[in-house]
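Contents: one structure, followed by commentary.
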Amino acid sequence: MVSKGGYYAAHAAGFRADLGSAVRTDLVRDWHRRSPARHFAVAVRQFVLLGLVTVALVRLTHPALWMPLAVLQGFTVFNFTVLLHEVVHHAVFARRRPALERLLGYAYAVPSGISASQFTRWHLDHHAELGSSEDDPKRRHLSPKTNARWLKLLYCTPALFPIYFRAARRETANYDEALRRTIARERWVSMAAHLLALASIAWGFGWGAAARAYAVPVFVVFPVAFTLNRLGQHYSIDPNDPAGWSTLMRGHWFWDVAFLNSNYHLEHHYFPGVPFYRLPEVQRALAPYYERKGLPWRTYGQLLRGWFIENRAPHTDWRSSQ
């Protein structure tokens with residue numbers, strides 16, 4: 001197993017001290033309060049949506065009805081990774097419950113077809129190595145290395161899946177053998193569950209229903225949701241200031257619902273243990289700090305323009321002229 005260097009901690013000490021002096025301790029403590037009831041209310045809603053929308057997509061055949069539902073379903077599938085993300089950061093229960101967290105991790109990973117163990121290690125390494133072009137697995141293996149529009153567009157298509165799994169395979173090669181076996185086993189379980197779901201819908205209701213209820217949400221909508229969400233993470237940044245190593249996204253009720261508050265990615269990196277349902281209040285409280293630091297507010301419209309039209313490179317300062 002390759003040892004990483006803890007790039008973020010080594011470079012962000014001054015920023016962390018500055019941030020600590022800008023926020024009241026009681027506020028930070030309040031933000032970290034975890035409410036299992038609030039978490040599971042959202043989780044149950046997501047599973048209910050998954051089931052009900054699947055039934056609707058099987059039954060409805062008019063494009064004006066099933067296409068909007070397919071979009072909803074694709075975002076629902078994506079948002080199970082957000083719920084898994086909460087488990088990774090122990091943001092569900094008031095105190096750690098390893099057995100329950102492991103069970104929840106499996107339950108949230110399967111709808112998105114990923115390994116809970118791989119996602120956990122990948123994501124925690126991303127936090128520890130934020131700012132490093134070599135040790136941050138997301139930046140090294142998943143970000144486009146060629147700044148070309150055609151390649152960026154591929155991430156919005158089913159090509160995302162081989163791109164992502166190739167990136168994960170390269171990073172997983174550095175893990176110890178026991179973890180690699182666990183990841184392989186979990187991937188097979190997730191893949192089997194997806195194949196079973198697809199085959200069941202096709203066998204019971206035909207391939208048209210399978211396309212509406214499974215193929216379009218998973219292979220057409222999910223990549224778009226994934227790419228859009230990732231645009232709001234670390235592509236438009238200030239490489240020279242750890243306070244700006246994540247993108248400051250302006251909160252909006254639509255994206256808060258569509259992405260389960262995972263659009264508050266900068267706030268999450270500032271306070272990784274804060275549950276997703278408290279991130280909007282973190283942003284509101286930190287607005288004066290952002291103003292003092294001169295961090296630019298972004299919207300998804302601005303990011304899409306910068307990414308595809310202006311062809312900006314990832315992990316760079318998009319305020320500068322090209």
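So, counting K/R as plus one and D/E as minus one, what does the shell of residues with Cβ under 12 Å around P36 add up to?
In short, +3.
Which residue, H234, H194, L103, has the largest displacement toward the positive end of the dipole of segment 7-309 when charges sit on each Cβ (Lys, Arg +1; Asp, Glu -1)?
H194
Restricting to DSSP loop positions (anything but H, G, I, E, B) with no more than 11 other Cβ atoms inside 10 Å of their own Cβ, which GluC sites (Glu not before Pro) remain in segment 124-174?
Passing both the DSSP loop test and the Cβ count: E134.
Using the Karplus curve 6.51 cos²θ - 1.76 cosθ + 1.60 with θ = phi - 60°, what ³J(HN,Hα) values do you get for each residue of segment 306-311, in whole Hz, with x for Gly and Pro?
x, 6, 9, 7, 7, 6
Given Cβ point charges of +1 (Lys, Arg) and -1 (Asp, Glu) and nothing else, what value in debye, to the nearest 20, does the dipole of segment 93-206 about its Cα centre take?
Taking the Cα centre of segment 93-206 as origin, the dipole is about 120 debye.
Between 0 and 90 degrees, rounded to the nearest ten: what's the tilt of helix 36-59 against the longest Cα principal axis of the chain?
40
For the pair L27 and R185, how long in nm is the line joining their label points, each one 7 Å along Cα→Cβ?
For L27 paired with R185, the spin-label model returns 4.6 nm.
Considering only S143, S35, S117, give the residue with the highest GNM mean-square fluctuation for the chain, with springs between Cα atoms whenever their separation is below 10 Å.
So, out of S143, S35, S117, the one fluctuating most is S35.
Once a ≥ b ≥ c are taken as the square roots of the eigenvalues of the Cα gyration tensor of segment 1-53, is the result rounded (a/c under 1.5), prolate (a/b larger than b/c) or oblate (a/b not larger than b/c)?
oblate
Which net charge results when you count Lys and Arg as +1 and Asp and Glu as -1 among the other residues whose beta-carbon is under 15 Å from that of D18?
With Lys, Arg at +1 and Asp, Glu at -1, the net is +1.
I'd like the trypsin sites (Lys or Arg not before Pro) in segment 107-185 restricted to DSSP loop residues with at most 12 other Cβ atoms within 10 Å, sorted by number.
Counting only loop positions with at most 12 other Cβ atoms within 10 Å, the trypsin sites (Lys or Arg not before Pro) in segment 107-185 are K145.
Read phi for every residue in segment 6-21 and hand back ³J(HN,Hα) as whole Hz from Karplus 6.51 cos²θ - 1.76 cosθ + 1.60, θ = phi - 60°, with x for Gly and Pro.
Values per residue, Gly and Pro as x: x, 4, 4, 4, 6, 10, 10, 4, x, 5, 4, 5, 5, 5, x, 6 Hz.
Name the long-range amide H neighbours of T316: under 5 Å, sequence gap of 5 or more, or other chain; modelled H, no Pro or chain starts.
Under 5 Å from the amide H of T316 lie the amide H atoms of I237, each far enough along the sequence or on another chain.
With charges only on Cβ, +1 for K and R and -1 for D and E, what is the dipole size of segment 171-263 about its Cα centre, in debye, rounded to 20?
That gives a dipole near 400 debye.
Would you work out if segment 1-128 is rounded, prolate or oblate? Take a ≥ b ≥ c from the square roots of the eigenvalues of the alpha-carbon gyration tensor; rounded if a/c is under 1.5, else prolate when a/b is larger than b/c, oblate otherwise.
prolate
Which one of G244, G113, G306 is farthest out on the positive end of the charge dipole of the chain, using unit charges on Cβ (Lys, Arg +1; Asp, Glu -1) and the Cα centre as origin?
Going by the Cα projections, it comes out as G113.
Given the DSSP H assignment, sum -39500 (n - 2.57) over each helix run of at least 4 residues in the chain and divide by its residue total; what's the result at 222 nm in deg cm²/dmol, nearest 500?
Value at 222 nm, helices only: -19000 deg cm²/dmol.
Using the Cα centre of the chain as origin and beta-carbon charges of +1 (Lys, Arg) and -1 (Asp, Glu), tell me which of L83, G131, Y175 is placed farthest towards the positive end of the dipole.
So the residue furthest toward the plus end is L83.
Show the residues, 5+ positions off or on another chain, whose built amide H is closer than 5 Å to the amide H of W245.
Under 5 Å from the amide H of W245: D238.
In debye to the nearest 20, how big a dipole does the chain give about its Cα centre with +1 on each Lys and Arg Cβ and -1 on each Asp and Glu Cβ?
So the magnitude is around 400 debye.
What do you get for GluC sites (Glu not before Pro) in segment 267-322 restricted to DSSP loop and a cutoff of at most 14 other Cβ within 10 Å of the site's Cβ?
E310
No value in this document is a laboratory result; all are computed from the given coordinates. If you're wondering where the values come from, they're calculated on a predicted model, not measured in any experiment. Cβ sites come from the backbone with ideal geometry, for glycine too, and all protein chains shown count toward neighbours.
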